[in-house]
Amino acid sequence: MAKHKVFLSFYHHDDEKYRRKFEEKFGHLMVIKSVHPGDIDPENSSEYIKRLIRDGYIEDASVVVVLVGPKTKCRKHVDWEISAGLNKKVGGYSGLMGILLPAFPLTRENKYNGSDLPERLRTNVDSGYAKLYSWDSITASGGGLVQALDAAFGRRISAADKIVNASIPQRQRNSCE
């Protein structure tokens, strides 16, 4: 079985423990890449950082997985990572999926509010290109994750016309800090 090359996007401060758990539990099922704290000097220009993310991490990713916590929507680097994955010029499109972490705010009906998602992820969920999953449903069994990755990978071709990327301006700064 060929392993997916997965880029794991997350809000590094609050969601680091979930990134580690994800890699520990599923690292044998895929090749995982992500930008870890300290990998990229934040003093570099935004354009240089975008190029590093695009060329050094996402260019060969088959799927971008976004670990979505309560502050993920506020992080410019998460937006840049999703944007790079949805850029056909960067090694072809990557599949896209989000995993709602346990701390992600849900309504009383156990539903998410779209305004709590990163805009680029939300827009692609709304268009039908990306899918969202709960942390519990993905971590309950590795098979669920593999099926979700395969589906996201397949949508790169079957739903490429539903990708929304260029019409959304990239975030220029972080908020919620």
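Spot the failing condition for E109; the list is (1) more than 15 Å from the chain's Cα centre (by Cα); (2) buried (at least 23 other Cβ atoms within 10 Å of the Cβ), and only one is missed.
(2)
Looking at segment 34-58, which of its residues are in contact with a Leu (Cβ under 8 Å, 6 or more places away or on another chain) and either surrounded by 14 or more Cβ atoms within 10 Å (Cβ to Cβ) or within 22 Å of M97 (Cβ to Cβ) (or both)? If you could, list the steps in order and put the result at the bottom.
Let us first name the residues in segment 34-58 that are in contact with a Leu (Cβ under 8 Å, 6 or more places away or on another chain), namely 34, 40, 44.
S34, I40, listed by residue number.
Which condition does V164 not pass, out of (1) touching a Pro at 6+ places or on another chain (Cβ under 6 Å); (2) of a type in the set (V, I, T); (3) part of a loop (DSSP other than H, G, I, E, B), if it passes all the others?
Of the numbered conditions (1) touching a Pro at 6+ places or on another chain (Cβ under 6 Å); (2) of a type in the set (V, I, T); (3) part of a loop (DSSP other than H, G, I, E, B), the odd one out for V164 is (1).
Being among the charged types (D, E, K, R) and farther than 22 Å from P70 by Cβ is the filter; apply it to segment 112-159 and report the residue that is surrounded by the fewest Cβ atoms within 10 Å (Cβ to Cβ). Break it down stepwise before answering.
Initial filter on segment 112-159 (among the charged types (D, E, K, R)): 116, 119-120, 122, 126, 131, 136, 150, 155-156.
Going one step further and asking which of them are farther than 22 Å from P70 by Cβ, we end up with 150, 155-156.
Details: D150: 14, R155: 22, R156: 20.
Across segment 112-159, the extreme among qualifying residues is D150.
Enumerate the helices (runs of 4 or more DSSP H) found wholly within segment 13-129, keeping only those where 1 or more residues are of a type in the set (F, W, Y) and at pLDDT below 95.
On the way: elements: 46-53, 76-85, 119-127.
Once the helices (runs of 4 or more DSSP H) in segment 13-129 are filtered for at least 1 residues that are of a type in the set (F, W, Y) and at pLDDT below 95, what remains is 46-53, 76-85.
Residue pairs, Cβ under 6 Å, 6 or more apart or interchain, first in segment 151-163 and within 18 Å of H4 (Cα to Cα), second modelled with pLDDT under 95 and of a type in the set (S, T, N, Q). List them.
F153/S62
Given V31, V63, which one is of a type in the set (V, I, T) and surrounded by 20 or more Cβ atoms within 10 Å (Cβ to Cβ)?
On the way: V31 fails: surrounded by 20 or more Cβ atoms within 10 Å (Cβ to Cβ).
Unique residue meeting the criteria: V63.
Which one of E16, E43, E23 is among the acidic types (D, E) and closer than 11 Å to L67 by Cα? Quick ask: steps written out before the conclusion?
On the way: E43 fails: closer than 11 Å to L67 by Cα; E23 fails: closer than 11 Å to L67 by Cα.
After ruling out the rest, the residue left standing is E16.
Given the criterion in contact with a Phe, Trp or Tyr (Cβ under 7 Å, 6 or more places away or on another chain) and more than 19 Å from I32 (Cβ to Cβ), identify the matching residue among P102, P118. Give the steps one after another, and end with the answer.
On the way: P118 fails: in contact with a Phe, Trp or Tyr (Cβ under 7 Å, 6 or more places away or on another chain).
When all the criteria are applied, what remains is P102.
The values are calculated or read from the model by the stated rules, or taken from the named source; none is laboratory data. All values derive from a computational prediction rather than experimental measurement. Methodologically, a virtual Cβ is constructed for each residue, glycine included, from the backbone with ideal geometry; neighbour enumeration extends over all protein chains shown.
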